[in-house]
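In what follows, a structure is listed as structure tokens, so that the remarks can point back to it.
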Amino acid sequence: MTKTMERAAVEVVVRPDTYKTILVHAEPGLAATHRVETAARLARDLDARLIGLGAETYEPLDVAAPDGTYFVAEVIAAQAEQVAKNLAAAEAAFRRDAAGASLDWRSVQDYPSRALVQAARTCDLIVMSPRGSRGPTQAADPADVVMGAGRPVLIVPEGRHHLRATSVVVAWKDTRECRRALDDAMPLLQRAEDVIVHAVCKTDEADRMAFETDDVVTNLKRHGVSARALVTSVAPEGVTGEMERVAQLNNADLIVCGAYGHSRLREWAFGGVTDDLIHRPSCFVLMSH
């Protein structure tokens, strides 16, 4: 006689993902204050470790006297001394602006973008600002870091220092980069009250994009994300503005997107939307490549 045993139903519990370590580039003065404050608040909210990275270097120059004597060593020594002072000031500013978070500090005399890419092994998320007017020896370019770090990068817009992320817009495009960004943003998506998977397309593509966004929403819901789909049509040159319009209408302060670009010798060449969101964001942007 065969005995049949019924198994008790197993309740599936979705456990939210989280960022355990956050990395932020710290500089002296006001340039980094909002970025560090954003990173520190996020670290406190997520009970994550915050690593401040001071990174700066100099471009050595040949300095020649009229008689042809070179004073390169003296110039380099003076530049190195100034960099060391700036790094010490960056640490003091970081500890002030990140007070209350669990902190680590690192400093290196190197190009900031390269230093952040190399330090990416230590973290789950990198917090940066758009590229400013300071040169590559002092300021990090988010384009270099997004494309090289293999980690999601959170870009803090000018004047903002508090990411709420209660409402989030996902800039959907059926690419590897966008799928990567969705996974990388999961700790924030699972905490959000409203996640809008937004596709911007031509009118004749609307049905296909509706099918794709519905698929994405279904999968996100399986991860405990409160998601919904939205498809809108607009001319190609207006895609960034349309995404920002939808974000504003829904009180979303975060856009999640993939980064699309290719190397053009020593600089990255991006499509219009990626370039806008990396260098001229109107709200917080979480970007992955």
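The values are calculated or read from the model by the stated rules, or taken from the named source; none is laboratory data. All figures in this text were calculated on a predicted structure; none of them were measured in a lab. Don't worry about glycine lacking a Cβ; one is built from the backbone with ideal geometry, like all the others, and counts go over all protein chains shown.
Structural remarks
- Scan the range 108-120 for residues that are of a type in the set (Lys, Arg) and within 16 Å of Leu154 (Cα to Cα) and the total you get is 0.
- His162 falls short on exactly one of the conditions (1) surrounded by 14 or more Cβ atoms within 10 Å (Cβ to Cβ); (2) in a loop (DSSP other than H, G, I, E, B); (3) not hydrophobic (A, V, I, L, M, F, W, C); (4) not assigned by TED's automatic domain parsing to the domain that holds Glu56, and that condition is (1).
- Filtered by the rule that a residue be of a type in the set (S, T, N, Q), touching a helix residue (DSSP H, G or I) at 6+ places or on another chain (Cβ under 9 Å) and in a helix (DSSP H, G or I), the range 19-51 gives a lone residue, Thr33.
- Positions within the range 9-27 being at pLDDT 80 or above and out of contact with any Asp or Glu (no Cβ under 9 Å at 6 or more places or on another chain), in sequence order: Val24, His25
Matching residues to (1) over 19 Å from Gly54 (Cβ atoms); (2) at pLDDT 95 or above:
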| residue | (1), (2) |
| --- | --- |
| Glu74 | yes, no |
| Asn86 | no, no |
| Leu116 | no, yes |
| Ala139 | no, no |
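- Residues satisfying the stated conditions in the range 184-206, i.e. assigned to a helix (DSSP H, G or I) and either aliphatic (A, V, I, L, M) or at pLDDT below 95 (or both): Met186, Leu188, Leu189, Thr203, Asp204, Glu205, Ala206
- Residues satisfying the stated conditions in the range 76-110, i.e. touching a strand residue (DSSP E or B) at 6+ places or on another chain (Cβ under 7 Å) and over 27 Å from Arg44 (Cβ atoms): Asp110
- Hits in the range 94-118 - residues which are in a helix (DSSP H, G or I), crowded, with 21+ Cβ neighbours inside 10 Å and either not assigned by TED's automatic domain parsing to the domain that holds Ala139 or not aromatic (Phe, Trp, Tyr) (or both): Asp97, Pro112, Ser113, Ala115, Leu116
- Hits in the range 127-156 - residues which are surrounded by fewer than 18 Cβ atoms within 10 Å (Cβ to Cβ) and assigned to a helix (DSSP H, G or I): Gly148
- In the range 241-289, residue modelled with the highest pLDDT [restricted to those that are part of a helix (DSSP H, G or I), closer than 19 Å to Val127 by Cβ and among the β-branched types (Val, Ile, Thr)]: Ile278
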